[in-house]
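The values are calculated or read from the model by the stated rules, or taken from the named source; none is laboratory data. Note that this is a predicted model, so its numbers are computed, not measured. Reconstructed Cβ throughout: ideal geometry from the backbone, glycine too, with neighbour counts over all protein chains shown. Side chains included, ligands, DNA and RNA excluded: accessible areas come from the protein's heavy atoms. Shrake-Rupley method; radii C 1.70, N 1.55, O 1.52, S 1.80 Å.
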Amino acid sequence: MQTLRKRIAAYVIRDHTGPELLVFDHIGIPDAGTQIPAGGIRTGEDPHAAALREVTEETGLALCAVIGTAGIDRRPHPVTGQPRHTHVLHLRAPDDAPDTWIHTVGGDDTDAGLRFACRFVPLPLSEPLADEQDLLLGELDPDWTTLTRR
């Protein structure tokens, strides 16, 4: 029997000149595509705490607040087919967060040492995110549905 992997993904939104989504690209791994912060929920960890942790670990942005939930993505892992449930949360970033920055992941986790080019992009997105991570954006606001999905 396969174990269900519980994960989180975070739609980190700021209202700068309009709604903008925090995304990043792996420096040196262009095939990974543009993504949002996402990762596993640790044993005993609340999804809200996991989302805040992942955002800080993957982007260095630490002053976010959890606003709510967009839903649960129940699609299996795109490569392995392993079952997973990804809790997709809505977080608010400070309106004065930087527009772009480079973040190196610290610690001793599997992502340690990876470098991410982080940025805020206007909503709606013109193109889908990697692994269709943008599928639930329209649950937060129908106007945020990725243009190619309309």
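So the values come out like this:
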{"quantity": "Contour excess over end-to-end distance, with Cα ends at ILE67 and SER126 and 0.36 nm allotted per residue", "calculated": "18.8 nm"}
{"quantity": "Share, in percent, of DSSP beta bridges within the chain that are antiparallel, nearest 5", "calculated": "75 percent"}
{"quantity": "Accessible surface, 1.4 Å probe, highest first, among residues GLU127, GLU45", "calculated": "GLU127, GLU45"}
{"quantity": "Calculated SAXS-style log₁₀ I(q)/I(0) at q = 0.10, 0.12, 0.14 Å⁻¹ - the chain, Debye, Cα scatterers", "calculated": "-0.32, -0.47, -0.65"}
{"quantity": "HIS85 versus ASP109: modelled label distance in nm, points set 7 Å from Cα along the beta carbon direction", "calculated": "2.1 nm"}
{"quantity": "Debye log10 I(q)/I(0) at q = 0.15, 0.18, 0.19 Å⁻¹ for the range 48-96, Cα point scatterers", "calculated": "-0.49, -0.65, -0.70"}
{"quantity": "Selection of trypsin sites (Lys or Arg not before Pro), the range 1-94, meeting DSSP coil and at most 14 other Cβ within 10 Å", "calculated": "ARG42, ARG74"}
{"quantity": "Solvent-accessible area per residue for the range 1-106 (1.4 angstrom probe, square angstrom)", "calculated": "52 Å²"}
